[in-house]
1. Just to verify a result, which residue in segment 72-92, among those that are hydrophobic (A, V, I, L, M, F, W, C) and part of a strand (DSSP E or B), is farthest from ASP110 (Cα to Cα)?
2. May I ask you to list the residues in segment 20-55 that are within 14 Å of the chain's Cα centre (by Cα) and not in a strand (DSSP E or B)?
3. Of the conditions (1) touching a residue at least 40 places away in the same chain (Cβ under 8 Å); (2) in contact with an Asp or Glu (Cβ under 8 Å, 6 or more places away or on another chain), GLU78 fails just one. Which one is it?
4. Which residue, of GLU127, GLU95, GLU58, is in contact (Cβ under 8 Å) with a residue 60 or more places away in the chain and either in a loop (DSSP other than H, G, I, E, B) or closer than 18 Å to ALA14 by Cα (or both)?
5. I'm trying to understand the selection: among the residues of segment 86-120, which are of a type in the set (Val, Ile, Thr) and over 10 Å from the mean Cα position of the chain (by Cα)?
6. Scan segment 9-33 for residues that are loosely packed, with under 14 Cβ neighbours inside 10 Å and modelled with pLDDT under 95 and report the count.
7. Restricting attention to segment 82-133, report how many residues are closer than 25 Å to ALA57 by Cα and of a type outside the set (Ser, Thr, Tyr).
Amino acid sequence: MTARPRPAPPEPDADSATFWAALREERIALQRCSACQRLRFPPMGRCPWCATSGGAAEDVPGTGSVYSWIVVHRAFDEAFAADVPYVVATVDLDEGPRLALRLDEPDGVDFGARVRPRFHHHEDWSELRMVLDG
């Protein structure tokens, strides 16, 4: 079996290292702007709303609701061939940011469905997924 490719960037950079390290510990750490106080994702060097540099990591519960989703029927990489079909969803976190990620156990998925985080650990990185809540 082919090893699963690591998501981009291949190695965490200065902005994303805290996020990836938190996932390894089954936490979700988002950046909060020190000026406008908005949470943001993905991690980046400047706030996209007010352009202030930096930002402090803040742990969030990671619960939210499904904004939209697709069912993947054709693997884009041989490493995922045994997984199809699977669901990729965009999720609005209760804290504000919207994430695109894999949805485990998607039976009954619908717009606005409540979700909670699930962590999948690979050999050298950890992945955030969601599962329907209830």
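The values are calculated or read from the model by the stated rules, or taken from the named source; none is laboratory data. Since the structure is predicted, the reported quantities are computational estimates derived from the model, not experimental observations. Positions of Cβ are generated from backbone atoms using ideal geometry, with glycine treated the same way; all protein chains shown enter the neighbour counts.
1. Applying the first criterion (hydrophobic (A, V, I, L, M, F, W, C)) to segment 72-92 yields 72, 75-76, 79-82, 84, 87-89, 91.
From what's left, part of a strand (DSSP E or B): 72, 87-89, 91.
Values: VAL72: 16, VAL87: 12, VAL88: 13, ALA89: 10, VAL91: 11 Å.
If we take residues in segment 72-92 being hydrophobic (A, V, I, L, M, F, W, C) and part of a strand (DSSP E or B), then VAL72 is farthest from ASP110 (Cα to Cα).
2. Residues satisfying the conditions are TRP20, ALA21, ALA22, LEU23, ARG24, GLU26, ARG27, PHE41, PRO42, PRO43.
3. Tallying (1) touching a residue at least 40 places away in the same chain (Cβ under 8 Å); (2) in contact with an Asp or Glu (Cβ under 8 Å, 6 or more places away or on another chain), GLU78 fails exactly one: (2).
4. Numbers: GLU127 fails: either in a loop (DSSP other than H, G, I, E, B) or closer than 18 Å to ALA14 by Cα (or both); GLU58 fails: in contact (Cβ under 8 Å) with a residue 60 or more places away in the chain.
The match here is GLU95.
5. So in segment 86-120, the residues of a type in the set (Val, Ile, Thr) come out as 87-88, 90-91, 109, 115.
VAL87, VAL88, VAL109, VAL115, listed by residue number.
6. Our first condition is that a residue be loosely packed, with under 14 Cβ neighbours inside 10 Å; within segment 9-33, this holds for 9-11, 13-14, 17, 24-26.
Subsequent filtering for residues that are modelled with pLDDT under 95 retains 9-11, 13-14, 17.
Adding up the residues that qualify gives 6.
7. Keep residues of segment 82-133 that are closer than 25 Å to ALA57 by Cα, which gives 89-103, 114-131.
Imposing the further condition that a residue be of a type outside the set (Ser, Thr, Tyr) reduces the set to 89, 91-103, 114-125, 127-131.
The number of residues fulfilling the criteria is 31.
Quick grid of which residues meet (1) exposed (fewer than 12 other Cβ atoms within 10 Å of the Cβ); (2) at pLDDT 95 or above:
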position: ARG46; (1), (2): no, yes
position: GLY55; (1), (2): no, no
position: VAL60; (1), (2): no, yes
position: SER65; (1), (2): no, yes
position: ASP77; (1), (2): yes, no
